[in-house]
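Q: Sharing a structure, written as structure tokens. Questions coming.
The values are calculated or read from the model by the stated rules, or taken from the named source; none is laboratory data. All values derive from a computational prediction rather than experimental measurement. For neighbour counting, all protein chains shown are included, and Cβ atoms are generated from backbone atoms with ideal geometry for every residue, glycine included. Surface accessibility is based on the protein's heavy atoms, side chains included, excluding ligands, DNA and RNA. Shrake-Rupley method; radii C 1.70, N 1.55, O 1.52, S 1.80 Å.
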Amino acid sequence: QAQLVESGGGLVQAGGSLRLSCTVSGFTFKNYRMSWFRQAAGKEREFVAGVEWSGTYTYYGDSVKGRFTISRDNAKNLVTLQMNNLKPVESHVYYCAATRGCDHIKTMNGYNYWGPGTQVTVSS
């Protein structure tokens, strides 16, 4: 059974940093592209960052480019999201997701598995 478990969320002051981790089990991790999405209460879920199978190619939402970094370790079934210079408007639940499909990595509907999410709160 596929399982994704996020960790590393919490409370941070504006301008601070957090590192989110997602540990995967139950499927062949290296065969899946991995991404992070986020969702605020009452808002649509949005793409944050994605990484291809080998980790060579990464993709970012426009609002996080230059501040967030996604990486993966296929030996550890682990994907991480380093978030720097966080802003209060980025207080969301952050979700890890896996896709084996051919849709663009930013397309939410193509994802096969999702984690339960981890809350990030950025205080002003």
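Q: What do you get for trypsin sites (Lys or Arg not before Pro) in the range 29-122 restricted to DSSP loop and a cutoff of at most 15 other Cβ within 10 Å of the site's Cβ?
A: On the way: sites: K30, R33, R38, K43, R45, K65, R67, R72, K76, R100, K106; in loops: K43, R45, K65, R67, K76, R100, K106.
Taking the range 29-122 and a limit of 15 other Cβ atoms within 10 Å, the loop trypsin sites (Lys or Arg not before Pro) found are K43, K65, R67, K76, R100.
Q: Listed here are the pairs K30/K87; K43/K87; K30/K65; which of them are more than 23 Å apart at the Cα? All intermediate terms of the calculation are to be shown ahead of the outcome.
A: On the way: K30/K87 32 Å; K43/K87 17 Å; K30/K65 25 Å.
Too far apart for the 23 Å limit: K30/K87; K30/K65.
Q: Related question: Cβ under 10 Å from A40's Cβ, A40 left aside: what net charge do those residues give with Lys, Arg +1 and Asp, Glu -1? Can you show the working numbers first?
A: Details: positive: R38, K43, R45; negative: E44, E46, E90.
So the surrounding residues net to 0.
Q: Go through the range 32-39 residue by residue and turn each phi into a ³J(HN,Hα) via Karplus (6.51, -1.76, 1.60, θ = phi - 60°); whole Hz please, and just put x for glycine and proline.
A: 10, 6, 10, 9, 10, 10, 9, 8
Q: In whole percent, and with a 1.4 Å probe on the protein chains, what portion of the accessible area of the chain is carbon and sulfur? Write down the numbers at each step before the final one.
A: Details: 2950 of 6390 Å².
Answer for the chain is 46 percent, counting heavy atoms of protein chains only.
Q: Evaluate 2.2 N^0.38 Å with N set to the residue count of the range 61-124, then give the Cα radius of gyration divided by it.
A: Against the empirical 2.2 N^0.38 Å value, I get 1.23 for the range 61-124.
Q: While we're here: Distance from a point 7 Å along Cα→Cβ of R67 to each backbone N in the range 93-124: keep the residues under 12 Å and list them by number.
A: 122-123
Q: Under 14 Å from a point placed 7 Å out from the Cα of K87 along the Cα-to-Cβ direction: which residues of the range 57-76 have their backbone N that close?
A: Zone members listed by number: 61-68.
Q: Mind computing the radius of gyration and Dmax over the alpha-carbon atoms of the range 1-64? Å is fine for both.
A: Considering the range 1-64 through its Cα atoms, Rg and Dmax are 13.5, 38 Å.
Q: Excluding ligands, DNA and RNA, what is the solvent-accessible area per residue of the range 68-114 at a probe of 1.4 Å, expressed in Å²? Mind showing how you got there, number by number?
A: On the way: 2330 Å² over 47 residues.
It amounts to 50 Å² per residue over the range 68-114.
Q: Viscosity 1.567 mPa s, temperature 4 °C: what is the translational diffusion coefficient of the chain from Stokes-Einstein with a Kirkwood Rh over Cα pairs, rounded to a whole number of µm²/s? Present the calculation step by step, with values, prior to reporting the outcome.
A: On the way: Rh = 14.2 Å.
Here the translational diffusion coefficient equals 91 µm²/s.
Q: Using θ = phi - 60° and the Karplus relation 6.51 cos²θ - 1.76 cosθ + 1.60, list the HN-Hα couplings for the range 68-73 in order, rounded to whole Hz, with x at every Gly or Pro.
A: 10, 9, 9, 8, 9, 10
Q: Quick check on the chain: of the DSSP beta bridges with both residues there, what percent are antiparallel, nearest 5%?
A: Details: 37 of 41 bridges.
If I count the DSSP bridges inside the chain, around 90 percent turn out antiparallel.
Q: Considering only protein heavy atoms, what per residue accessible area in square angstrom results for the range 1-58 with a 1.4 angstrom probe? Please list the in-between numbers first.
A: On the way: 3030 Å² over 58 residues.
So the range 1-58 comes to 52 Å² accessible per residue, rounded to a whole number.
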